[in-house]
Amino acid sequence: MQSISETPKPVWNPDIPQPINFYEGWQKVPDATHYDNAFKIQWELFLRHVALDEPFRWTLREGAKGVQLAELGVKSWKEKKWMEVS
């Protein structure tokens, strides 16, 4: 990361080499949050649903909507236009 006050403000001059090293001055973003694997979490919820008869919010319909969204994303990219999601 780089704060705006620490961001170099270059002036283009074709007569001299660039005096600013744009790779210097960057700081590591603090890793404050650890995210677990989303597939693993959903799989664990499904297993709890099967083993303990707990509710499971992702139905076959929800899965089909996810597939539709992924397919529309690919189609949108190929055709370079927005797609209507129904």
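As I understand it, the value is the acute angle between the Cα axis of helix 60-79 and the longest principal axis of the Cα atoms of the chain; what does it come to in degrees, rounded to 10?
With rounding to tens, the tilt is 30 degrees.
Run the accessible area of the chain with a 1.4 Å probe and give the carbon-and-sulfur part as a rounded percent. Don't jump to the answer; show the numbers that get you there.
Numbers: 5280 of 8550 Å².
In the chain, the share of accessible area belonging to carbon and sulfur is 62 percent.
For the chain, with every protein chain kept in place, what is the accessible area per residue (1.4 Å probe, Å²)?
Values: 8550 Å² over 86 residues.
Each residue of the chain exposes 99 Å² on average to a 1.4 Å probe.
Can you sort Tyr35, Tyr23 by solvent-accessible area, 1.4 Å probe, largest first?
Working: Tyr35 175, Tyr23 200 Å².
My answer, sorted largest first, is Tyr23, Tyr35.
Does the chain classify as rounded, prolate or oblate by the C-alpha gyration tensor (a ≥ b ≥ c root eigenvalues; a/c under 1.5 gives rounded; else a/b over b/c gives prolate, otherwise oblate)?
Numbers: a/c = 5.30, a/b = 1.91, b/c = 2.77.
Taking the square roots of the gyration eigenvalues as a ≥ b ≥ c, the chain is oblate.
What's the angle, to the nearest 10 degrees (0 to 90), between helix 38-52's Cα axis and the longest principal axis of the chain?
20 degrees
For Cα pairs less than 8 Å apart in space and 6+ apart in sequence, what is the mean separation divided by the residue count of the chain, i.e. the relative contact order in percent?
Details: 24 pairs, mean separation 15.1, N = 86.
This gives 18 percent for the chain.
Mind checking which of Gln68, Gln42, Gln18 has the largest fluctuation in a GNM of the chain, springs on alpha carbons under 10 Å?
So, out of Gln68, Gln42, Gln18, the one fluctuating most is Gln18.
Given springs between every Cα pair under 10 Å in a Gaussian network model of the chain, which of Asp15, Asp31, Asp53 has the largest fluctuation?
Asp15
As an exercise, identify the trypsin sites (Lys or Arg not before Pro) in the range 51-85 lying in DSSP coil whose Cβ has no more than 11 other Cβ atoms within 10 Å. Working shown, then result.
Working: sites: Arg57, Arg61, Lys65, Lys75, Lys78, Lys80, Lys81; in loops: Arg57, Lys80, Lys81.
Passing sites in the range 51-85 are Arg57, Lys80, Lys81.
Rounding to the nearest 20 debye, state how big the charge dipole of the chain is about its Cα centre with +1 on each Lys and Arg Cβ and -1 on each Asp and Glu Cβ.
Once rounded to the nearest 20, the dipole reads 360 debye.
The values are calculated or read from the model by the stated rules, or taken from the named source; none is laboratory data. On a predicted model such as this, the values are computed, not experimentally measured, just so you know. Cβ atoms come from the backbone with ideal geometry, glycine included; neighbour counts cover every protein chain shown. Accessible surface areas use protein heavy atoms only, side chains included; no ligands, DNA or RNA. Shrake-Rupley method; radii C 1.70, N 1.55, O 1.52, S 1.80 Å.
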